[in-house]
Every structure is written in C-alpha cells, then in structure tokens.
Amino acid sequence: MMGGESLEKKRILVIEDDEVVRKNFKAILELEGYNVDTAVTGKEALEKSNANFYNLALIDIRLPDMEGTQLLTTMRDTVPKMVKIIVTGYPSLENAKDAVNMGADGYIVKPIMDTNEFLQKIKEHLKKQEEAQHYNEHKMAEYIETRAKQEETKETGT
Amino acid sequence: LKKRRKAERRRAKKREGVQPRSAATTPRDKALRESEAKFRSLVENTAVPIGITDSKGEFAYVNKALADSVGYTVQELVGRPFMDFLHPEDRERVLSTFMRGVSTSKEAPEIEFRVTCRDGQTLTLTSKPTRLEVDGKTVGFQAIITDITERKRMKESLRNGEEEYRELAESISDVFFAMDKNLRYTYWNKASENLTGISAKDAIGRSLYELFPDVKGTRAEEVYLEVIRTGQSKSFVNEYELDSKQFLFEISAYPTKRGISVFTRDITERKRMQDELQRYSTLLEKLVFERTKKLAESERRFRELADLLPQIVFEIDENGNVQYVNRAGFAATGLSEEDYRRGLNASDMLASAEHDRAVRGMRRIMGGEMIGEREFTVLRRDGTSFPAAVYTAPIVREGKTVGLRGIAVDITQRKRMEEEIRASKERLDYVITSNPAVILTGKPHSDLKDFDTAYISGNVASILGYEPKEFTDDPKFWERHIHPEDVPRVLSELPRLFRDGHAAYEYRFLHRDGTYRWILEDTKVTRDPAGNPAEVIGYLTDITERKRTEEKVRAASLYARNLIEVSLDPLVTIRPDGKITDVNKATELVTEVSRDQLIGSDFSDYFTDPEKARRGYEEAFVKGFVKHYALAIRDKSGKVTDVLYNATVYRDETGEVQGVFAAARDISERKRMEAHLADARRLAVIGETTAMVGHDLRNPLQAIVSTIYLAKRKLESPPEPSGKPAVEPGLVDMLETIENEAYYMNKIVSDLQDYATPLKAEPKPVQMESLVKDTLLKIRIPQNVKVSFKVSEALQTVMIDPAILRRVFSNLIMNAIQAMPDGGELTIDLSRTEEDLLVSFRDTGVGIPEENMGKLFNPFFTTKAKGQGLGLPVCKRLVEAQNGCMTVESKPGEGSTFTVKLPLVKP
C-alpha cells in the first residue's frame, strides 16, 4: 500500500521520546508504505529535518530537551513546507490553539485510540500538501505561458 | 560617447609611451641627458607657467606652475587637448592666429586668451607659442604663459574710472577747467562754455593769456601761478563784470600732476542773501531789546505776586529745566537761589520712581491735553520728601508750547488723614466680614411684636446667598424665607425679646440655592432714656453644621443600639455577680427565653456546662477580656448550639468596671464548613494527583493501543508461503478485549482530567437538534436498545460550547445504555420553556434507589461495578460551566430521566 498517489514514498519524521511508542508509530506508518525516520530529542529532530527532506513530522508536545512547541517554532522557519503535526497529551483547547498559532498544521491527541482515523488524518495532510505543491507548479507554468504570450505580442507589435 | 572613449584610449597610449626608456649608452647621450635634466629641473621649478603640446595640440608636458595656475594636476593636463581649456569664445580666434603665426614663422605672435580653471574661474593669459622642430618636422609647440588677468582688470577699472570722472565733470553746473603748468587749457567743461561762450574745442590747447588777455597782473593769475609753484590748493573770491552785471565767483584752484584744475562757483546770489540777512538781524535785535525791557517789567511784577503765594509756583521749559520757582518753592524744598542759578531740573526734585510718569504727563500737557490734579513725591534738599498735588498748564509763546507752569501743594496732612480713614475703615470691614456672624440692626414695631431690619452686614450673602438690600427693602423677606414649620415658634419668641431685652432662637432659613440652613439668631434690645425699645441689635450664625453633628450623634447612638439588636451573635452584659443585665434578640432566639426573663437571671444557667460558663466571665472580670471561649448553649427544648465567646469588661466615665460584655458566635455552621473544606481539599489533592497520573499514563496507553493495532494487522496479513501454523481462533477476540479495556482506561483518565483541570467554555451558536444527532451517531448502540429522538418545538440556536455539550450528551447516553443491560428504550426529548432549553434522556433501566439520589453527583460515587464514579460529576460540572443545570428523576425498576437545562440566548 502506498502512502500517497505519487510514485515516490512519502517521508515522515516521528519525534517521540517514549521508545515503545516511537517504534510502534514507525511500524504502523511503514505498514502504510511511508518512509519513516525517528528522532528522540528536539535537537536530533532539527538535525535530521535540516539534513533530509520530510513531507511530514509528528511532534510530541513534550520532549526531553525542549517543548514540542519550541521545536515547532524553530522548524516553522527552517522547514516551512514540512507538514507539522503536534501530538499532545489530554488536551485543552488552549493547548491546541497555541500549537496551531505556532505553525502546527494540525494536532493529534495522545493516546491515539483509533489508529485508522489517525492514518486517515496523515493521509489527508499529505494529500493537501501535494495539491498545494501541484497548484504552485501549475501557477508557475501558467505564469510562464502568459509571459511568453505577452512577449510574443510585443515582438509582433513592434 | 564614442569620441570620449577614443580620447581616453589616446591618453592611455600617451601615458604608456612616456614610460619605456632604454638606458643611455654613449657619453654623448649622457651629456645630453644631464643637460636635459638640468633644463628640466629649471623648468619644473620656475614660477613661470610653461607648456609643451604635440603637433595635434595635446599637452605633452606642463610644469607645475601651469597646472597650479589653472587648478589642475600635471597628470590631469597631460594628454588633453590645449583647446579644451580655452574660453569657447576665444577658441576660433586663438586657433586662427596661432595657425597663421606658426605657418609663416617659427614663432607665433603674442596671443591673448582666456582659460577656464577647474574652479570655474576665468583667467586671461598671454603666450607666444614657438614651434618645436626635429629634422625640420614640426613635432609640437612650446609656450611660456603670462597671467595678465590682474593687469587686464586694472586697466579695465582705470578706464572705467576716468570715464566716470569725465562724465561727472561735464555734468556739474559749476565752471570747471584744467590747465597745464604753462597755464594752457587741457580741459573745459560745459559750464565753462556756457559762462564764457567759448567752446571747449576753442579753449583746449590755448593758454590763459590767449583767451583772456586782461588776466595779466590779476588776482586770478597770481593764484594759479602760486598753486603751480607751491603745490597747495587755494581759494579766493573774485568780482567780475559780465554783461554789465556784477558777479561774485569763488575760485578754487587745486594742484594736479600736470598743472592745476580750477573750480569756479557763482556765489553772487549767496552773497546778496547774506548781506540782506545781516541788515534784518540788526533791526530785529533792536526791536527785541525794547520788547525784552517791557517783558522784564511785567515779569518782575508777576514774580513778586507769585512769591506771596503760600503754594509752590514753578515754571519749567520743555526739557524740564526749572525756569522759575517762587519763594514758597524754595522754602518747601530747602533749595537756595544759588542752586537755582546753577541750574535745576524737575527730575532733581521728584522721586526717581516718578520720573517716567512725570515725563509722560508733561508730554500730554504740552500736547494740549488738560490734566487735573496729579500727585508727586517732591524731594527736599536734605533728602527727605513730601507728597504734593501738582496742577500744571502749558506755557505758550508765539503759538508754541515751550514749557509748563504749575502750582504744587504740600498734601502731607491730607494724605495722613486719608490713610487714617482708610485704615480704620479696613479694620471695621475686616471685623465685620471676617466674623462668621451676620450683624443686624432693626427698628421695633410699635406693637412690640416684630421689628424691621434696618441694617444687615454684607457677609449675609456668603451665609444665605442674599444681598443685604433684599432684607432691608422688603420687611416680609425674612419671615417668608423661614421654614414654614419654624415660623410660629420664632414669631412667639419675638415678644419675649422686647419683654426681657434679649432672645435667642434657632430656625431653618431658605438659602438662595434652595436648601435650608439652620440659623441661630441672638438679639438684644437697646432702649431710649425713657426705657422704650429704641433699636434691635443682633447677629445670625449658620449652625447647620452643628445641627448636623448633633443629628449624627443621635443617629449614631440609635445605630449602635440597632447594631447590637440586629447582630446575629447572641450578646449579653453581665454584672460582676453573674446576673444578666441586658440581652439582644439573638440571645432570646438561641436560648428560647424572653428578654424580660433573661435579664436578672444567672448567665451560667443557659449552658451545658454552667461551671465552665461561670469561670469564663470570672476570668473576663479578672483579666479584662476572654477570647474564643468555647461553650455550648442549651435552649429550653434541649437543643445545643456550639458557640465561642469573646467577652470584655466595660466601664463608666470614671473608669469603674460596670460589667462584662459577652458576644457568642454560633460555630455550628463553621464546623460544618470545616468538614466541607476538608472534603474539598481532599478532592483537590486527588485532582492534582489524577492530572499527573493521567498525563503519565498517556504513553503506556499509547504503547498498548498501537501494539494491539500492529498485532491485529499482523494477524490479518495472509499466511506466509512457508506455511506457518494458523492463528489461534481466540487470539483476535483476546486482543479486542485488551483494546476495549485500554479504551476504558483512557476514558477514566480523560474523565479524571476533565474533573481536575479548570474549564473554559467557548460558546458559539449551536443548533441543538443536529448536535444531539451527531452525538448519537458516534455511539455504538446495542441491538436491544431502542433510541427515539423527539423534538417538541422548533428551536433556535443556543450559545454554548458544542465540544463540552457533546461530551455531556454522550456521557448521559452511555449511562442510559449501561442502565439497561437487558435492553430497553432511550428517549431523548428536546423542548423549551420561556427562558430555557431542556434536553432530557429517559431510560427504562434499573432506576436509582432513593438513598443514592443525593450522592449521585458526588465524585467517586458509583453503583456500577466498573464505574469510576466521575461521569455524572463531570457532566454536572460541564453543564454548570455553561450556566445550565442538571436534574434527575428516577424510580427503581422503572428507569431514570436526566435533564439538562440550558439558558436560551436572549433574542
């Protein structure tokens, strides 16, 4: 099974300090056909996200070396195009709002009881990302074409 | 642009060409080089600007002097065409002259030209360029340049100057001519032509003797020769007869470099005027003398008269100089005739602070203004001064104001009296106005029942807002403004005033601002010698403030008694022998004994422990107080109330102890509250703990749930080709059981979280019907439970937090389902009242026993074997957070109905 419609495997970074949870997330996502990388600390996550391309990151709100929100703010600048999903504990609305304000694309409540729903959510995010990219490419192509036409008329005009 | 680039390239080439120099090889070369070096150094250091151009006219060499004179550096000039620096107007001329010159000979004629310096200044230069030849071929031009800018400028200004003078000489109307040392005319102006009828053309070049043969031996000839000889200018007046008319000329001769110039002015008319003037002057003097003699006589008479006057009489001229002072003036100021003769000025006699005012006044008077008495401080010779009233009038001679004449009167005495009157008036005013009392006098009526106000002091306005006139003009004014309730009493006081001679009465008086003021009126009657009342004298004072204070004191004591009465704490006063002397209402209530019975009875009789009560008040008498003394009151019916006593002794004015004042505080409520508080604290601790536990549980829970997911996926995947044994059939069910339990754990944890963390509702408009439907969709309803949803009325939107309410609804639905383990019916009913929205959940389940109804919403209360007991408390809390409330009705064996009531948004 493939994670998205594209031929290439989507890359996901799981940032989680609990070993079992981290391993399970990786296994579950790999079963879905994603290419999954993991990071235990915020520092490691930053290093990895700077070195490699990831379509999406699951960020645990509490990490050993920093708050997930802090990591989020940093990554908003370093890897703006990566989809960033905050994984929070039993949430309050405030918590979730903060996360979104700080650049999270979404938030997921831990424990994730319904794994299928969780996978669906990730899939949707990735699809949205792909569409946005596609749209940008399309826009660019359109722009180039318009410009080319303009130039043409200019040439013939003079 | 192209041209410029080409020029740059050329210049670059040139610079390159200068550098490569092969080393000299022969001695001849060496000599030549040395000589060249010598020459070069000479040229370099000379102050004369020197430049060499190549055959195309571009600078090949310039020395520093040339560069400095035009403000460029040597490097900037080399390689640039000489023509670039020429003034544009000069270019063509210079070029053609130059070309003509150098084509015919080696040296061009001297050329004058202008160049533009770097700073924009223009210099005028001359040069004589020479052709440089090598083997008969022209290779360039050399020029030594002279700066003639200054010379040019000098010449120019000189020329301009000369012209100016010439024009001046022509335009002057006086005769002006110049001669050389041989008395030969070199200049002859227009006026000379006009006077003599000899034109300048005829005169210039001829000698004095040729034009005027008679001049020999005259004063004119003598003077001209003398000026030439001595070089000193000289003037004289000469008389001529021209056209049978006598003319007088003033002739001035000035030496010049070449001879003399002569300036002749016709002074015939001037002389005549002078003579005439002289004659008149003599005549006038004679007339004036006679007139003066007469005036002196009249003045003498006037002065004798003035000297008789006791006032100071004076005259001053327009500058303030004293022209006359009479005898009284001298006497008053201590000045002497001697001072007068030396010269006195009015300013010497006035205080310096008054000088400006005096000068201003003087100007006004001299300008024709009439000014009355003015006061000045006049100085005496000994430095003392006195005030004077001064009256002045202008002195007019021949229609012109030439000074002032005046009288000054010493007003020392008058001033002193004025000052005394002013001071005594001020004292009186002060006494009356600073006195808070309003003074009044009145005229008694003949019936001796009232009086009319004759005088009332001005400060009545500040007290009552009315002017004194209002009281004195209208006899009924006073009575009309007294408060109607006070009128009869006040009027009844008045006859007593006349009988006893004195009365004081208080009444309210209507202030202008509409409020009543309390007034104390104290009046006295003065009597005539016959003993009949002559006048009423009295004063009014505003006693509103005093009245108010009195009122306050009265109110305060009433208030204090009321406070004691209304106090919820039982209060008693006890005599040293233990008998009750006073009680309040609360004491009657707590003992169920009436006040009358309580007073005089023993205090200790009303307690469960009379001995302890007695010790309590005894302690208070000894120590002065007791605090938090615990006792229990027993009422008539035997009911016991726990109280704490605070008691203190109270004393009379002399400090003698009168008794003990004891206040009991009913603490039964407090005891209950303390129990509650302990509960709440326990809950808070539990809350904190559960929050922490809940948070820490999330990872293990996550691990369990995701492991189960992975295990299930593994089981679902097709068996491997190697053919592993088939999966144990019960395994999936077991995993499902674990999963369900994990779900349940999660619910416990999130319920705990909900209960432990503060709530913040975020209301938004919500359609209740769809909210209930949405909630139902998410819950797995067992087969044996039938759900019906009724909406009894179309409902508008409600402002609530949908997320919170969804949790409440799902909780209630789950509870209902759990209450019907054998199946049944769940009816959800949506309705409204005027103000509220009602959602009820009715099940046909086991119902709730009567004794459990009260504890239903307490945390950790549950009847379910597997309930954590937080579901309903959480719901209640969530609903209350939305300003709603929850109610329950239940009958065991028939079922329960939970109703959520939410306030509707006001339209």
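The values are calculated or read from the model by the stated rules, or taken from the named source; none is laboratory data. The model shown is predicted, which means the values in this text are computed figures rather than measured ones. Ideal geometry is used to build each Cβ from the backbone, glycine not excepted, and the neighbour counts take in all protein chains shown. Just the protein is used for accessible areas: all its heavy atoms, side chains included, with ligands, DNA and RNA removed. Shrake-Rupley method; radii C 1.70, N 1.55, O 1.52, S 1.80 Å.
In nm, give the distance between the simple-model label positions of B:Ser157 and B:Gln818, each being 7 Å from the Cα along the Cα-to-Cβ direction.
So the two model labels end up 11.9 nm from each other.
Please work out the average accessible area per residue across chain B, using the 1.4 Å probe convention, and give it in Å².
63
Averaged over peptide A:24-30, how many Cβ atoms belonging to another chain are found within 10 Å of each residue's Cβ?
That average works out to 3.
For B:Ile599 and B:Ala630 in the same chain, what is the full-extension length gain: residue separation times 0.36 nm, less their Cα-Cα distance, in nm?
8.9 nm
What distance in nm separates the two pseudo spin-label positions at B:Phe302 and B:Arg427, each 7 Å out from Cα along the beta-carbon direction?
Roughly 4.9 nm, to one decimal.
If you split all Cα-Cα distances of segment A:27-70 into 5 Å bins from zero, what percentages do you get per bin, shortest first?
Each 5 Å bin holds this share of Cα pairs: 5, 21, 28, 23, 17, 6, 0.
In straight Cα distance, which lysines are under 23 Å from B:Lys469, not counting same-chain residues fewer than 8 positions off?
Hits, sequence-local ones excluded: B:Lys425, B:Lys443, B:Lys449, B:Lys524.
May I have the extent of the alpha carbons of segment B:236-305 along their three principal axes, as whole Å values ordered from largest to smallest?
77, 34, 11
Rounded, prolate or oblate: which fits the protein assembly as shown when a ≥ b ≥ c are the square roots of the eigenvalues of the alpha-carbon gyration tensor, with rounded for a/c under 1.5 and prolate only if a/b beats b/c?
Because a/c hits 1.5 or more and a/b fails to exceed b/c, the protein assembly as shown counts as oblate.
Can you give the FRET efficiency for B:Leu448 and B:Glu545, using 1/(1 + (r/R0)^6), R0 = 41 Å, r = Cβ-Cβ distance, to the nearest 0.05?
Efficiency for this residue pair is about 0.75.
Under a crude label model (7 Å from the Cα following the beta-carbon direction), how far is A:Asn116 from B:Ser41 in nanometres?
Spacing of the two 7 Å Cα→Cβ label points: 11.0 nm.
Quick check on the protein assembly as shown: helices-only [θ] at 222 nm, where DSSP H runs of length 4 and up contribute -39,500 (n - 2.57) each and the sum goes over total residues. Nearest 500, please.
Dividing the helical sum by the residues of the protein assembly as shown leaves -14500 deg cm²/dmol.
Checking the a/c ratio against 1.5 first, then a/b against b/c, what shape does the Cα gyration tensor give for segment B:105-208?
prolate
Would you work out what percent of the accessible area of the protein assembly as shown, with all protein chains in place, is carbon or sulfur (probe 1.4 Å)?
The nonpolar share, carbon plus sulfur, comes to 54 percent.
Consider just the alpha-carbon atoms of segment B:56-136 and return their Rg together with their Dmax, both in angstrom.
13.0, 41
Which value does Rg/Rh take for segment B:175-304 over its C-alpha atoms, Rh per Kirkwood?
1.33
Per residue, how much accessible area does segment A:13-158 show when a 1.4 Å probe rolls over the protein heavy atoms, in square angstrom?
I get 55 Å² per residue for this part.
Using only the Cα atoms of segment B:32-189, what do you get for the radius of gyration and for Dmax, in Å?
Just the Cα atoms of segment B:32-189 yield Rg and Dmax of 22.2, 74 Å.
Decide, for chain B, between rounded, prolate and oblate: order the square roots of the alpha carbon gyration tensor eigenvalues as a ≥ b ≥ c, take rounded if a/c falls under 1.5, and otherwise choose prolate if a/b is larger than b/c, else oblate.
oblate
What does the extension gain come out to for B:Arg229 and B:Ile148, with contour length at 0.36 nm per residue minus their alpha carbon separation?
Full-extension gain reported as 25.2 nm.
Could you pull the accessible area for B:Cys117 with a 1.4 Å probe, rounded to 10 Å²?
Its heavy atoms expose roughly 10 Å² to the probe.
Find which of B:Thr104, B:Leu776, B:Ser831 sits farthest along the positive direction of the dipole of the protein assembly as shown, computed with +1 on the beta-carbon of Lys and Arg, -1 on that of Asp and Glu, about the Cα centre.
B:Thr104
For B:692-704, what's the mean count of beta carbons from other chains sitting within 10 Å of each residue's beta carbon?
Counting Cβ atoms of other protein chains within 10 Å of each residue's Cβ and averaging gives 5.
Using 0.36 nm per residue, how much length does the chain from B:Val791 to B:Asp174 gain when fully extended, once their Cα-Cα distance is taken away?
209.0 nm
With every protein chain kept in the model, how would you rank B:Trp188, B:Trp478 by accessible area, 1.4 Å probe, largest at the top?
B:Trp478, B:Trp188
Report the relative contact order of chain B, percent, no decimals, based on alpha-carbon pairs under 8 angstrom and at least 6 residues apart.
Answer for chain B is 3 percent.
With solvent modelled as a 1.4 Å probe, how much accessible area in total do chains A and B shield from it at their shared surface, in Å² to the nearest 100?
About 2000 Å² of accessible surface is lost on pairing.
Can you give the FRET efficiency to the nearest 0.05 for B:Asn646 and B:Thr608, using r as the Cβ-Cβ distance and R₀ = 25 Å?
Calculated transfer efficiency: 0.85.
Check which residues have an amide H placed less than 5 Å from B:Leu826's amide H, if you skip close sequence neighbours.
Here B:Lys786, B:Val787, B:Ser788 satisfy the definition.
Sequence-distant or interchain residues sharing an amide H contact under 5 Å with B:Asp836, placed H: which?
Placed amide hydrogens put B:Leu904 under 5 Å from B:Asp836.
Residue by residue through A:9-21, how many Cβ atoms from other chains fall within 10 Å of the Cβ on average?
Neighbouring Cβ atoms belonging to other protein chains average 2 per residue here.
Would you rank B:Phe141, B:Phe509 by solvent-accessible area, highest first, keeping every protein chain in place and using a 1.4 Å probe?
I get B:Phe141, B:Phe509, largest accessible area first.
Roughly how many Å² of B:Glu297 are accessible to a 1.4 Å probe, to the nearest 10?
80
B:Asn319 to B:Arg414: FRET efficiency via 1/(1 + (r/R0)^6), r the Cβ-Cβ distance, R0 41 Å, to the nearest 0.05?
The computed FRET efficiency comes out at 0.85.
Which three numbers, in whole Å and largest first, are the semi-axes of the equivalent ellipsoid of segment B:540-617 derived from its Cα gyration tensor as √(5λ)?
So the equivalent ellipsoid measures 37, 13, 10 Å along its semi-axes.
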